[in-house]
Protein chains: 2
Amino acid sequence: MEIKVLRNVMVKNNAIGGDNRWRLKKNNVFTINMLSSPGAGKTTLLQNTIGKLQEKYRIAVIEGDLYTSKDAQALESFNIPLVQINTEGGCHLDARMISGALDSINLEDIDLLFVENVGNLVCPSGFDLGENRRILIYPLTEGDDKPTKYATMFSKVDLVIINKVDIAPYLNVSVEKAMEEVRKVNETCEIIALSATKPESLEDWFQWIEKESVSALQE
Amino acid sequence: MEIKVLRNVMVKNNAIGGDNRWRLKKNNVFTINMLSSPGAGKTTLLQNTIGKLQEKYRIAVIEGDLYTSKDAQALESFNIPLVQINTEGGCHLDARMISGALDSINLEDIDLLFVENVGNLVCPSGFDLGENRRILIYPLTEGDDKPTKYATMFSKVDLVIINKVDIAPYLNVSVEKAMEEVRKVNETCEIIALSATKPESLEDWFQWIEKESVSALQE
């Protein structure tokens, strides 16, 4: 059996990612690619973020899942542009999928776009979607030793959100240790500890969005 | 750029997986492929399993990680055959890696082999390593809605271990709901709820190993 692969998959992805970035920038849309393992709290964080920031920003969300539209359904009540991408078993979103999703969003009418990637701490790290910033949601329930074990992902993000810190007292883990481990593989990213279920803990995250949305659109 | 792929990767993997299975069976080794997201508790479960079963079985472990040998180090005190595979960023173990690892284990001297796969709820599901049984460690800290979202993985395992049930009271999740969700995508697998950190909760798991080790070697 012989299969000819006529293009380098990553080169093509990154070219389409570049197109996406240009298209988003032209419309002054600040785009965040949200990465994590399954069940890290991305959707919960989105719920408590959109609820708070909806008055300030016109927000849209692209949801990536292997199957189901549960995550999109969880955001339906906000009445914002929502696009569900099902990868049908695929382990990551790619730039072409995002390009297709952007076709169905009126970009002139939004300021802030969240892309919730497939829950996977390995594969999505290699794919530029055209985002301005990449963030990683890292729940302490996974243990405080993950950054060096999944170094590729941790090294390629602009912000690490250490999530579920309210559960830490019931686990044999430490927020400080988790932060130190992040620093071993990423010296420059920002690190914010919070509990996505506790709206009162999200202030630093909101400030990060405000700060980065300004600087990203000047780049 | 043109790349020729001369073989179907999966066909080749499965052929080597078949070779591994034959080689293990010839030596009466019962092999379990342990799958999960990052931080689900595979290594902790192994620690409390080896400690208990070491008197009854001669045990070996193959550890799969992108980088580091932390998981293997966590098992060093048991003084058993331990092989660390580093995938260098790769998202799953494949049959060829296992074949190489088996070369360095004296199979005549073991009864029970655990393969701890890379933490990833998507990609490892497609790769037959030559195991007798596949088990999935699914921690409640990921939420009770994951089976239908990651249906490929959940549908391809013989046993789902619902882990971290001791933390459930501090989360908005239910063991019963998690079990119902597993049944939606896998009607035949066994399901055991436990806390890998609590040795007293592991009795059903030990009985499953005993039962399956007998039946698998008669297949």
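Computed values, structure above
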{"item": "The range A:1-101: GluC sites (Glu not before Pro) in DSSP loop, at most 11 other beta carbons within 10 Å", "result": "A:GLU2, A:GLU55, A:GLU88"}
{"item": "Label spacing, shortest first and in nm, from A:GLU108 to its equivalents in the remaining copies (7 angstrom along Cα→Cβ)", "result": "7.9"}
{"item": "20 °C / 1.002 mPa s Stokes-Einstein diffusion coefficient of the range B:2-217, Kirkwood radius on C-alpha pairs, µm²/s", "result": "122 µm²/s"}
{"item": "Other-copy label distances relative to B:ARG23, 7 angstrom Cα-Cβ extension, nm", "result": "4.8"}
{"item": "Residue mean of other protein chain beta carbons inside 10 Å, A:70-80", "result": "1"}
{"item": "Relative contact order (%) - the range A:28-108, alpha-carbon pairs under 8 angstrom, separation at least six", "result": "27 percent"}
{"item": "Taking the range A:126-217 and dividing mean pair separation by its residue count, relative contact order in percent (alpha carbons under 8 Å, at least six apart)", "result": "30 percent"}
{"item": "Spatially near lysine pairs across the range B:6-77, Cα under 22 Å, sequence gap of 8 or more or different chains", "result": "8"}
{"item": "Residue range of chain B that is longest and free of trypsin sites (Lys or Arg not before Pro) which are both DSSP loop and sparsely packed (at most 13 other C-beta within 10 Å)", "result": "B:57-219"}
{"item": "Chain A, relative contact order [Cα under 8 Å, separation at least 6], %", "result": "25 percent"}
{"item": "Inter-copy separations for B:ASN172, label at 7 Å along Cα-Cβ, nm, ascending", "result": "3.0"}
{"item": "MRE, 222 nm, helices only [DSSP H, n ≥ 4, -39500 (n - 2.57), over chain A, to nearest 500]", "result": "-10500 deg cm²/dmol"}
{"item": "Two-site FRET efficiency, A:ASN172 against A:GLU210, from Cβ-Cβ distance with R₀ of 45 Å, rounded to 0.05", "result": "0.80"}
{"item": "A:SER69 paired with B:SER77, simple spin-label distance in nm, labels 7 Å along Cα-to-beta-carbon", "result": "5.2 nm"}
{"item": "Cβ nearest the rotation axis (B onto A), residue from chain B and distance to the nearest whole Å", "result": "B:THR141, 2"}
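Each value in this text was obtained by applying a stated rule to the coordinates, not by laboratory testing. Since this is a predicted model, take the numbers as computed values, not measurements. Using ideal geometry, Cβ is built from the backbone for each residue, glycine included, and neighbour counts are taken over all protein chains shown.
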